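Worksheet: the structure to be examined is printed underneath.
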Amino acid sequence: MITINPANEVKFNNNVDYCVGTGRLGLALTDEYLRQLKFVQEEIGFKFIRGHGLFSDDVAIYQEYEEDGETRVEYNYTYVDRIFDKYLELGIRPYIELGFMPEKLASGTQTIFYWKGNTTPPKDYKKWTDMVVALLAHLRGRYGEEVLEWPIEVWNEPNLPGFWYEADMKEYFKLFKETFVAIKNYDERFKVGGPAVCGVKEDVWITEFLKFCRENGLHPDIITRHHYTVEFPESVGHAEYSKLEDAEMRFDNLQSSRDIVDSFEEYKDVPIHITEFSTSYTPHGVIHDTNLNAAYMAEQLSRIGDMNEMYSYWTFGDVFEEKGVPFSLFHGGFGMVAAGNIPKPTFWTFVFYKKLKDCAKKCVHRDKTSVVVETENGYAGILWNIDGDAVKCSIEIPTEISEFSYIQKIVDEETCNPLKVWHDLGEPANPTGEQTKLIRESAYPLTKSDILTTKDGKVLIEADVKKNSVIYFEINKRDFTPDRGYDYEKVLTFH
């Protein structure tokens with residue numbers, strides 16, 4: 001039994017809609033990508049979107065040509081304008097990740113991913129910073145001063161040798177300094193951050209990064225890192241299977257970053273942005289498509305804001321090509337939405353937290369399996385069960401209101417499980433239109449309603465929380481306004 005004290009006010013940083021991840025930006029030129037993003041924006045409405053490949057050759061910003069025996073530089077903004085125009089049309093703004101390296105500006109040939117993003121330092125830092133500042137000036141000219149509010153992150157995961165040649169810390173710090181100084185000299189109001197580390201020696205990198213910044217008189221506006229929660233995967237064919245890590249261990253890891261940042265007097269309380277987070281860190285991580293992923297994310301979203309101002313789920317949709325074009329509908333893609341605008345269970349976890357954010361006056365309760373907020377007309381909350389036996393959750397709330405409308409939206413393995421329907425249909429790699437429609441129909445929460453009557457000054461909320469389920473509930477003061485002559489009970493019994 002959970003007993004709510006209406007006088008409680010529990011700290012809860014629910015910033016669920018701040019940012020979401022995407023595959024390489026060039027994918028935003030495709031129709032399926034835009035349809036998925038439109039769907040996500042209609043249901044959740046993220047403020048920012050972050051992806052790789054802004055300076056990769058498929059976006060085509062950096063160009064060189066020969067004239068009078070000299071190599072000259074010019075910039076092409078045709079595609080980036082088309083991408084960012086569409087983002088703004090859909091109510092979302094770029095969280096600008098500066099990377100990867102244009103081939104003609106690269107110092108080496110190392111690339112990553114199916115689409116061959118170059119991950120070597122620039123051969124000419126002046127040309128790199130000129131390109132960065134020119135882009136920011138172009139964006140301000142096109143979109144106005146709001147561009148000053150678009151966060152900027154210097155590179156992606158430089159602590160991993162695949163993403164930054166030899167994971168060269170000294171060279172990354174040079175990249176950061178040159179970029180940071182150039183941007184701030186252009187306009188100090190831009191918010192610039194790093195080091196965007198992930199997984200390997202995170203504490204060492206963040207510590208050394210801040211030491212470097214202190215020694216060089218730099219004050220990053222944001223500290224960025226990533227957060228994934230699985231062990232090393234087992235690969236079988238196109239699929240990758242991973243075991244979840246202990247959630248407490250992962251939260252401790254996030255807290256360690258907060259503690260490191262705050263240990264530097266000049267950087268204490270600088271915001272930390274988790275610019276990527278999910279369970280598995282591979283685009284073939286089959287856990288992404290499951291109800292277990294949705295339940296695990298429910299706990300993550302309830303607590304990740306304790307140490308971090310922002311956190312960005314990786315990614316909104318399954319239009320994604322890091323390891324090549326997906327072979328099948330459900331393939332373990334990062335996205336919370338599959339092809340054909342089929343929402344995965346995790347999508348609803350985010351929808352529920354967004355609903356909670358929009359309606360909350362204050363948080364009155366939070367524990368490892370639930371969060372409850374007070375609203376204008378009652379209460380709302382989220383319940384979850386990570387891979388455990390079914391439980392009956394009871395919540396008792398003192399109130400002077402006599403009657404409530406009670407709504408539940410249920411996502412579990414029985415009521416909202418498109419993966420199972422796809423499996424039962426024979427796991428079609430490329431479902432027909434009719435199959436896609438059927439799978440999509442199975443991908444929405446079960447909605448239940450009831451009337452709750454207050455007894456002895458208390459209202460009792462009850463919910464059956466099954467294995468790997470996420471439940472959103474709300475109770476609102478019931479105003480009964482029947483039409484003249486209408487009798488609901490008579491409607492049901494009169495034959």
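The values are calculated or read from the model by the stated rules, or taken from the named source; none is laboratory data. All values derive from a computational prediction rather than experimental measurement. We place every Cβ from the backbone using ideal geometry, glycine too, and count neighbours over all the protein chains shown. Protein only, heavy atoms only, side chains kept; ligands, DNA and RNA dropped before computing areas. Shrake-Rupley method; radii C 1.70, N 1.55, O 1.52, S 1.80 Å.
Cross-linked pairs K104/K127; K86/K323; K355/K448; K357/K455: Cα-Cα separations exceed 22 Å for K86/K323; K357/K455. Using a probe of 1.4 angstrom and keeping all protein chains present, the accessible surface of the chain works out to 43 square angstrom per residue. Over all pairs of different C-alpha atoms in region 392-495, the reciprocal of the mean inverse distance, the Kirkwood hydrodynamic radius, equals 16.9 Å. Name the shape class, rounded, prolate or oblate, that the alpha-carbon gyration tensor gives for region 305-454, where a ≥ b ≥ c are the square roots of its eigenvalues, rounded holds for a/c under 1.5, and otherwise prolate holds if a/b is larger than b/c and oblate otherwise. In terms of gyration-tensor shape, prolate. Summarising the strand pairing of the chain, around 65 percent of its internal DSSP beta bridges are antiparallel.
Highest mean packing first, where packing is the average number of other Cβ atoms within 10 Å per residue, the peptides 281-288, 5-12 line up as 281-288, 5-12.
Stretching N8 away from S107 to a fully extended chain increases their span by 29.9 nm, per 0.36 nm per residue minus the current alpha-carbon distance. The peptide list 479-488, 238-247, put in order of mean Cβ contacts within 10 Å with the highest first, becomes 238-247, 479-488. Its Cα centre serving as origin, region 1-142 has a Cβ charge dipole (Lys and Arg +1, Asp and Glu -1) of approximately 500 debye.
For the peptides 297-305, 195-203, residues were scored by their other Cβ atoms within 10 Å and the scores averaged per peptide; the highest-first order is 297-305, 195-203. The residue among L27, V16, I49 whose Cα reaches farthest toward the positive pole of the charge dipole of the chain, with charges on the beta-carbon of Lys, Arg, Asp and Glu, is V16. The reciprocal of the average 1/r between distinct C-alpha atoms defines the Kirkwood hydrodynamic radius, which for region 169-280 equals 15.4 Å. The share of accessible area on region 114-239 that comes from carbon and sulfur is 51 percent, using a 1.4 angstrom probe. Shape summary: the chain maps onto an equivalent ellipsoid whose semi-axes, from the alpha-carbon gyration tensor, are 44, 26, 21 Å in decreasing order. By its C-alpha gyration tensor, with a ≥ b ≥ c as the square roots of the eigenvalues, how is region 45-170 shaped: rounded for a/c under 1.5, else prolate for a/b larger than b/c, else oblate? Because a/c hits 1.5 or more and a/b fails to exceed b/c, region 45-170 counts as oblate.
Spin-label pair N185-Y125: with each label point 7 Å from Cα along the Cα-Cβ axis, the two points sit 1.1 nm from one another. Computed over all pairs of different Cα atoms, the Kirkwood value for the hydrodynamic radius of region 399-455 is 13.6 Å. The residue among G141, V373, P398 whose Cα reaches farthest toward the positive pole of the charge dipole of the chain, with charges on the beta-carbon of Lys, Arg, Asp and Glu, is P398. Relative to the dominant Cα principal axis of the chain, helix 247-263 is inclined by about 50°. Pairwise Cα separations in region 218-360 fall into 5 Å bins from 0 onward with the following percentages, short to long: 2, 9, 18, 20, 18, 14, 10, 6, 2, 1, 0. Applying the Karplus relation 6.51 cos²θ - 1.76 cosθ + 1.60 with θ = phi - 60° to region 209-217 yields 3J(HN,Hα) values of 4, 5, 4, 4, 4, 4, 5, 9, x Hz, where x marks Gly and Pro.
Over the chain, dividing the summed -39,500 (n - 2.57) contributions of all DSSP H runs of at least 4 residues by the number of residues returns a 222 nm mean residue ellipticity of -9000 deg cm²/dmol. The shape of region 1-100 can be summarised by an equivalent ellipsoid whose semi-axes, obtained from the alpha carbon gyration tensor, come to 41, 16, 10 Å from longest to shortest. Taking the C-alpha atoms only, the angle from helix 31-43 to the longest principal axis of the chain is near 50 degrees. DSSP bridge analysis restricted to region 57-167 gives an antiparallel fraction near 75%, rounded to the nearest 5.
Look at where the Cα atoms of region 161-203 and of region 458-487 average out, and the two centres are 50 Å apart.
When the expected Rg is taken as 2.2 N^0.38 Å, what fraction or multiple of it is the alpha-carbon Rg of region 453-495?
Compactness ratio reported: 1.77.
Net charge dipole, the chain: roughly 620 debye, given to the nearest 20, about the Cα centre with Cβ charges of +1 for Lys and Arg and -1 for Asp and Glu. The DSSP beta bridges internal to region 1-127 are antiparallel in roughly 65% of cases. Rounded to whole Å, the principal axis extents of the Cα atoms in region 231-283 read 50, 20, 11, largest first.
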